[in-house]
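Q: What follows is a structure written as structure tokens; I'll ask about it next.
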Ligand code: ARG
């Protein structure tokens, strides 16, 4: 699950008893204390030291976080190292953006796939860097030492930030390492993670989208699934093995550890563990936070993103070059709105708010039993309820103009607003309060304008419009403006409403078209002409600029109230989690708590399992290549299949990758607890060998980021044998197969006498 969306973070657990083995995203540094005995019972054969060690090579050294820049923050996906030369597996949808950027209509790697025959053919991938974790440590005490009695929430956070920056700088050893400090349990604990970030990452291989994205958005978030969701990269370093920007002289990094790949396959109940970088969960959110998500935040984003994807779809299917241009944007938007749709549905169906409300009742009873607790936590839930209600009302008012109103020419006008304002200031004799400016002030404003002018002269206008398709952009702009107009009545934005009503007789499309036809900010030519010779009088009256100011006013009029409520929510979530931990320690001391996901390295363990999504329906835990043929729709943009794959399946030419029944397993299910950011994570057996790559969650448990559903929640994994089959049999990339460490256990020797006796 790729991390493509933002969350207001907080969270809770299932009500009673010890956390089940399959629930939980655990910090590897505590594995010995919290999880090891459990894992061993379930089938783990490695020692704690083989899992996580800072002195010796261990499994953690083969797990990398993938981020866009040279920073270990906000990993969008996970990768794993699978060879001595740092070959790295991740999902196809994780490499998608990089593959898109390398694709042209002539070399369309998205459509046709790509396989490098040797190092020299590997392609530098933009926007993927690989972070290796060197160590992690608890820094709670140092960080919280700066928090003083009587500080406001903002002051507290500012002090924590300053302290964290100082500690990070000290740990970087002059830039050798990239350390980051992250908050856990809503700011009740702090940990430092020290990374090395490698930015020279190259594309080595990818199947065509008809394998890597088979089933498209229709099958996304669903089981049964037949997607070969993998792509292959390699991490490069300078000759000393240090991170270095791309250079032809760089060499493949020699990793501390790489994962062997098992051909043994899986059986129901087999132990599984997944290591990776889950982005965010809200397991400690209150019922009030859930109501906010379901009633305000999700529906707002859902409506905007869905409309945008529908428009993209329409144009992408007609034109291969447009398809390449928008492929990754569309996948991200579609992935998010479908996720929110599923959450809205399943949070209700799985009665998650009710579960949280029950916990809140017990928590309140516990608080009320002690005056000291009442003083500390007595107001927390009420305050949350009140403030979530406030932001519920404000969220659409801010989000629609932000995500829908400020698009196309209006967004371009927004880019120029500081220029227009600086010009106005420099040419006005009065200051903002309406008082006459001093000579000195006049000179300052003039200098400011001159400086801003320089910046604007340097704007690359062609880059602003590069990789965009005008008919698609225009339609989006029109529909987005329509959405803003139709969503709000006159009270929310009287200026915009009146403009449409009076000047355009209620026809918002006419306004949008007027902008597209006449605004300075609508075309690259007119923007260039404006930069060349700015006519500021015209710019100030420009319709796109006028609408931009109206949209920004709508946001600004509500921003203060929104920010204040959000701050209060964050402060009270902090208190809630603090109280909840005391509550659990007092009432269920045997319960181990795990922190919400926050892009730090986690381990989750469970087993291979089927599930029953509804009465009379039962889902198997594996699916096979036969299902690819069943789903096949010739020429369809989501369900077409390469002829070569069809031929191999028909000939049942699966080689050593077939299971014991001669079938080719494509994907399988496990009970591991993962979320967005875990995409591409290795799923491993008890020996730490790769058996697949995690890539998705299932529809019936879309509420799982808020409450883990043991009966329903599954991770969808692409089977390692299918990955190898595609590399080997489909693509013929035997150079890569040779590079891997492929292992197969000796068949167990069956003692016949014993078997007979047993019978
Ligand atoms: N649901 C997957 C995830 O969140 C992403 C799958 C991408 N595929 C797609 N059709 N958009 O990681």
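Bear in mind that the values in this text are calculations on the coordinates, not laboratory data. Because the structure is a prediction, the values reported are computed rather than measured. Glycine also receives a Cβ, built like all others from the backbone with ideal geometry; neighbour counts cover every protein chain displayed.
Q: Multiply the residue separation of residue 268 and residue 54 by 0.36 nm, subtract the distance between their alpha-carbon atoms, and state the gained length in nm to one decimal.
A: So the extension gain works out to 73.7 nm.
Q: Ratio of Rg to Rh for the stretch 445-539, alpha carbon only, Kirkwood?
A: Looking at the stretch 445-539, the ratio lands at 1.05.
Q: Please report 468, 199 as a ranked list, fewest other C-beta atoms within 10 angstrom at the top and most at the bottom.
A: Starting with the residue having the fewest Cβ neighbours, the order is 468, 199.
Q: How big is the equivalent ellipsoid of the stretch 430-498 along its three axes, where each semi-axis is √(5λ) from the Cα gyration tensor, reported in whole Å from largest to smallest?
A: Gyration-tensor ellipsoid for the stretch 430-498: 36, 26, 5 Å.
Q: Grab the beta carbon distance between residue 590 and residue 743, set R0 = 45 Å, and tell me the FRET efficiency rounded to 0.05.
A: 0.75
Q: For the stretch 688-749, what is the Kirkwood hydrodynamic radius in Å, using each pair of distinct C-alpha atoms?
A: Answer for the stretch 688-749: a Kirkwood hydrodynamic radius of 14.3 Å.
Q: Projected area of the stretch 245-367, taken from the Cα convex hull and averaged over every viewing direction, in nm²?
A: Directional mean of the projected Cα hull area for the stretch 245-367 stands at 15.6 nm².
Q: Let me ask you something else. Relative to 2.2 N^0.38 Å, what does the C-alpha radius of gyration of the chain come to as a ratio? Two decimals please.
A: 1.02
Q: Using a simple spin-label model with points 7 Å from Cα along the Cα→Cβ vector, what separation in nm is obtained for residue 71 and residue 319?
A: My value for the distance between the label points is 3.5 nm.
Q: Quick check: residue separation of residue 650 and residue 111 times 0.36 nm, minus the Cα distance between them. What number comes out in nm?
A: Extra length from residue 650 to residue 111 when fully extended: 191.8 nm.
Q: For all pairs of alpha-carbon atoms in the stretch 36-113, what percent lies in each bin of width 5 Å, listed from the first bin to the last filled one?
A: 3, 12, 15, 16, 18, 14, 9, 6, 5, 2, 1, 0
Q: Take 134, 608, 397, 743 and order them by how many other Cβ atoms sit within 10 Å, fewest up front.
A: With the fewest neighbours first, 134, 608, 397, 743 line up as 743, 134, 397, 608.
Q: Quick one: in the stretch 568-615, what % of C-alpha pairs are over 18 Å apart?
A: 59
Q: So for the stretch 175-224, averaging the separation of alpha carbon pairs under 8 Å that are six or more residues apart and normalising by length, what relative contact order in percent results?
A: So the answer I get is 25 percent.
Q: I would also like to ask the following. Using the scaling law 2.2 N^0.38 Å as the reference, what is the normalised Cα Rg of the stretch 175-285?
A: 1.45
Q: Separate question: Return the calculated 222 nm mean residue ellipticity for the chain, to the nearest 500 deg cm²/dmol, obtained by summing -39500 (n - 2.57) across DSSP H runs with n ≥ 4 and dividing by the residue count.
A: After summing the helix terms and dividing by residue count, I get -13500 deg cm²/dmol.
Q: Viscosity 1.567 mPa s, temperature 4 °C: give me the Stokes-Einstein translational D for the stretch 259-323 in µm²/s, with Rh taken as the Kirkwood radius over C-alpha pairs.
A: In µm²/s, the coefficient is 76.
Q: Please report the base-10 log of the normalised intensity I(q)/I(0) for the stretch 521-592, using a Debye sum with one equal scatterer per alpha carbon and no solvent, at each q in 0.18, 0.24 (1/Å).
A: Each listed q corresponds, in turn, to -0.83, -1.01.
Q: OK, next. What do you get for the angle between helix 508-518 and the principal long axis of the chain? Use alpha-carbon atoms, 0 to 90 degrees, nearest ten.
A: 80
Q: Now, a different point. With the Cα gyration tensor of the stretch 279-436 in hand, convert its eigenvalues to equivalent ellipsoid semi-axes via √(5λ) and list them largest first in whole Å.
A: Taking √(5λ) for each Cα gyration eigenvalue gives 40, 30, 10 Å.
Q: Label residue 615 and residue 376 with points 7 Å out from Cα along Cα→Cβ: what is the distance between them in nm?
A: Going by the 7 Å Cα→Cβ label model, 4.7 nm.
Q: If you don't mind, another one. Fewest first, what order do 42, 551 take by the number of other Cβ atoms within 10 Å?
A: If I rank by nearby Cβ atoms, fewest first, I get 42, 551.
Q: How long is the stretch 315-369 along each principal axis, judged by its Cα atoms, biggest number first, in Å?
A: Over the stretch 315-369, Cα extents along the principal axes are 66, 20, 9 Å.
Q: At a threshold of 8 angstrom on Cα-Cα distance, excluding pairs fewer than six apart, so keeping six or more, what relative contact order does the chain reach in percent?
A: 25
Q: Taking the chain as the reference, fit the longest principal axis to its C-alpha atoms, fit the long axis of helix 320-349 to the helix C-alpha atoms, and give the angle between the two in degrees, 0 to 90, nearest 10.
A: 80
Q: So how much slack lies between residue 118 and residue 295, counting 0.36 nm per residue of separation and subtracting their Cα-Cα distance, in nm?
A: Difference between extended and current length: 58.4 nm.
Q: Could I ask something else about it? Would you compute the Debye intensity of the stretch 606-759 from its alpha-carbon atoms alone, equal scatterers and no solvent, and pass along log10 I(q)/I(0) at q = 0.15, 0.19 Å⁻¹ to two decimals?
A: -0.97, -1.29
Q: Compute the distance in nm between two label points, each set 7 Å from the Cα along the Cα-to-Cβ direction, one at residue 138 and one at residue 507.
A: If labels sit at residue 138 and residue 507, their model points lie 6.9 nm apart.
Q: Under Stokes-Einstein, with the Kirkwood radius over Cα pairs standing in for Rh, what whole-number D in µm²/s applies to the stretch 118-211 at 20 °C and 1.002 mPa s?
A: 134
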